[in-house]
Every structure is written in C-alpha cells, then in structure tokens.
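> Okay, here's the structure, questions in a sec.
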Amino acid sequence: MVHRPAMDMKEDSVGARAGVQRSREAETSTVSGNRDKDWVPPKDLHWYREHRFLRWILAGADPITVQEVLARIAASDNPRSYEQLLDTVEGYRSGNWVYEWSQEAAKCRAEAKELEDVSHQDARDALLRASLYYTIASYPHLRDDHLALEARVKANQTYRSAGRWFACPLRILEVPYKGHKIIGSLHLPHDDFPPPVVMVCGGGDVLQSGFFHLFDKVLRPAGFAMLTVDMPGVGHSERWPINEDVSRLHQEVLEYLPNCPWVDDKRVAMIGMRMGGNIATRLGYLRPNLLRAVVNIGGPLHQVFVNGDFTSKISPMLKDQIASRLYSDATEMKNFAVKAQTFSLVRQGILSRRSRIPMLAVGMEGDEQFPESDIKLMVHASPNGERIRVERADMIHSMENAFSQSVDWLKAHMK
C-alpha cells in the first residue's frame, strides 16, 4: 500500500468539502426569486439562457467548442431545476452550465501552462480563451449565484495573467468612488507617448474582460488605447445597483482620466453596446467637455423603455438579469414597466435637445431595442450625426465591418 503524505490528505479533505458545498449551491435559474416553485416554462422555451453565439465568437470563442459544450449540457441525464430547460442541471457536475464551461476553461489554462516556455503569444491566446470560457460560465452574471461568482473570479484572474503578455502590459485603474473603487482595465497600443483612448462599455450581460478582440483587431491598429469599465450591477461594479443615473460610474472614470499619465485625456471617445450605448449617449450630453465623440451600437434610448408591454416580451433570463441589476425582487418586477420609463433619455429631457459632440448610431433593421425612431432621434440631435446599418444576412462579417467603420469614424473626430 502506498501511503500519501498528510498534506495531500488535508488538501483532499479541503477539496472534498468544497466539492460538497458546490454541489449544494443553487442553480442559476433559481437564484433570483423571480418565480415560484410551480412555475412552468413556456412550451417553446428549451434553454433558460439566451445564447449569444455572435458575441462569443466575436470575442474569440471557437465555434466548434461552443457547439460541443452546449451538446454536453443538452445530453446530460442529471436532474434539472426545470426538466424542459436544458441548461438548468443542478449541482456542480456534468451537464451543469457553470461546470461544463469551467472545464473547458481549465483545459485552456493547462494548455497555456504548457506553452509558456514555447511562445508567450500562444500562451496569451490560450489564457484569453480560458478567461472567455470562464466568463460564459458565469453568464448571465446574477447576484447570489455563487457558482457563477467563482467562475467570474477565475475569469478576471486569468485575464490579468494574459495581460502580462500583451504588447503593452495590462494596467488596472482603481478610481475612488463613495468609499470604494471603480475598477477599469486599460489596454495601451504602445508606450511611446500617451495615445487617444476609447472607453468601451457593454450591456448588462457582458464583463469588461470580453473586449480584447475589439482592441487587438480594431482599436490597437488604429492607435487607440481601450479602457473598459463594467456597468452598474455587473462584474466589478456589482456593488452599485443600476438606476436612471446609469452613467454615473463611467462619468466618474471620465473625470478621473486627467490623473492617468498613460493616455491623452484631451482625446477621449466612447463606444457603447446595448445598454452601454445608452450610457455613452447620455454622457455625450452630460459631459461633452470630456468627450470628442460617441458611438452607440444597438443601445436603447427611448422607445423600448416607454413600450408598456416590454416586460411581457422578454425572456425569463432577461427578467432575472434586470431584477439582479436593480437589486429588485419579483414584486417590484411586476411594476418594471413604470420603472423602465425613467431610463428613457427623452423622458429625462436629454435626447430632446441638441448635442454638442458628433454621435454615430450603429443599428440593425428590425431591432426592437434600438429601433429606427431612436436612431433618427440620435442622429438628428447631433452635429455631424451619422449612422451605420448592420445587415442581418451575414451578422459576424457585418458586425466586424461595423466595428471597423466606427473606429474609422472616430479617427476623423479625434484628430
């Protein structure tokens, strides 16, 4: 018989206790308290999570890997919170969403370890994939989802490890705010002189570590630095619930930039996607002295917020996301149609007046979140306001073109 050292036995004991604890953690679809135990999913709904294939692939996920992981989740025989919903397998085990994506991330981390002495570039890319897969494991990033939080912590740690091997090492900004710190990730295209900077803000289901490909493929070649900050209620900014003053964290970071020696604080722009587009547009009005230009990619501004049947159309996952970001409960969510109106930039008296800086609207035909009426309001209210139309037929290629055109447009306004 081979006797193992006491240290190994202790480590196994700790690991076993952690495993038992994780197996008892609530499954994601049950943590929000937005539905009772007898809730029955709509007949045409087979996944709790909305799949963001385009976003994941644009961020660097391998399409085959995505399909393989989803297939493992769908094929699991383990018990589910809702048998009809394939991604609600209970416990941290085979078939559970967090487990399966975390396993894929762990493979990438192991690959990166093997590549460290061979190629820092390849090791970096493996770590970036690992961070992305941990981020998908955490999706849709709800408060009190402890398994997802564990994955999110690993995503951030892995991303910072990859940052050692960026052309210019990743810099983390810590901006003081109400007794805490707003965390931002700063990516520099070079260290020759302070470059112009683009602050990038995603929606409520995106973490700030998910935009490296936008930087590496589009912003860096154009000579722009990229600064990412999580919106309220998400990721590093989870402690601050979202409200009608949705841009307050990004505004604080904008006002801090003169203290940052690595970028040119006189040449700053914003790119916002989905709710991040609302934030960027809002700051274009509130802080035009701090911004040269704003790009809104699919960000709702007015119509979706004043549409009375908005909450009846959204998925269970999105309802949970909204409740989580608002620090709300099921009772308050029933009145969300009223609360939603406070996010309208028209109702706030913002979009109904002229902007002082140029704005670019990037929209897709038939998009209910960023409809034609919102696009026209934004373009007509801005000096040199323009728009880019995204074609549905070839979404990935069309979005890549939209990013490139947006950055070319920014270059013209950042001279």
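The values are calculated or read from the model by the stated rules, or taken from the named source; none is laboratory data. Quantities reported herein were computed from a predicted structural model and do not represent experimental measurements. Glycine gets a Cβ as well: all are built from the backbone with ideal geometry, and neighbour counts include every protein chain shown. Accessible surface areas use protein heavy atoms only, side chains included; no ligands, DNA or RNA. Shrake-Rupley method; radii C 1.70, N 1.55, O 1.52, S 1.80 Å.
> Within region 392-415, track down each residue that is assigned to a loop (DSSP other than H, G, I, E, B) and either in contact with a Cys (Cβ under 8 Å, 6 or more places away or on another chain) or not basic (Lys, Arg) (or both).
Passing the criteria: ALA393, ASP394, MET414.
> Another one. When you look at ARG248, is it modelled with pLDDT of 95 or more, touching a Pro at 6+ places or on another chain (Cβ under 6 Å) and not acidic (Asp, Glu), yes or no?
Here the answer is no, as ARG248 does not meet what is asked.
> Within region 357-380, count every residue that is open to solvent by 60 Å² or more (accessible area, probe 1.4 Å), part of a loop (DSSP other than H, G, I, E, B) and either of a type in the set (Phe, Trp, Tyr) or within 25 Å of PRO232 (Cβ to Cβ) (or both).
Result for region 357-380: 2.
> Checking ARG389 against (1) touching a strand residue (DSSP E or B) at 6+ places or on another chain (Cβ under 9 Å); (2) assigned to a loop (DSSP other than H, G, I, E, B); (3) surrounded by fewer than 19 Cβ atoms within 10 Å (Cβ to Cβ): exactly one of these is not met. Which one?
(2)
> Do any helices (runs of 4 or more DSSP H) lying entirely in region 22-132 carry at least 2 residues that are closer than 25 Å to SER324 by Cβ and among the β-branched types (Val, Ile, Thr), and which ones are they?
Of the helices (runs of 4 or more DSSP H) lying wholly inside region 22-132, those with at least 2 residues that are closer than 25 Å to SER324 by Cβ and among the β-branched types (Val, Ile, Thr) span 63-75.
> Out of ALA361, ALA412, ALA381, which single residue is small (Gly, Ala, Ser) and touching a strand residue (DSSP E or B) at 6+ places or on another chain (Cβ under 6 Å)?
ALA361
> Now, a different point. Please go through (1) within 24 Å of the chain's Cα centre (by Cα); (2) at pLDDT below 95; (3) assigned to a helix (DSSP H, G or I) for VAL14 and return the number of the only condition it doesn't satisfy.
(1)
> Next question, about the same structure. Is it the case that some residue within region 242-251 is in contact (Cβ under 8 Å) with a residue 40 or more places away in the chain and over 30 Å from GLU150 (Cβ atoms)?
Checked against the condition, which is being in contact (Cβ under 8 Å) with a residue 40 or more places away in the chain and over 30 Å from GLU150 (Cβ atoms), region 242-251 yields at least one hit.
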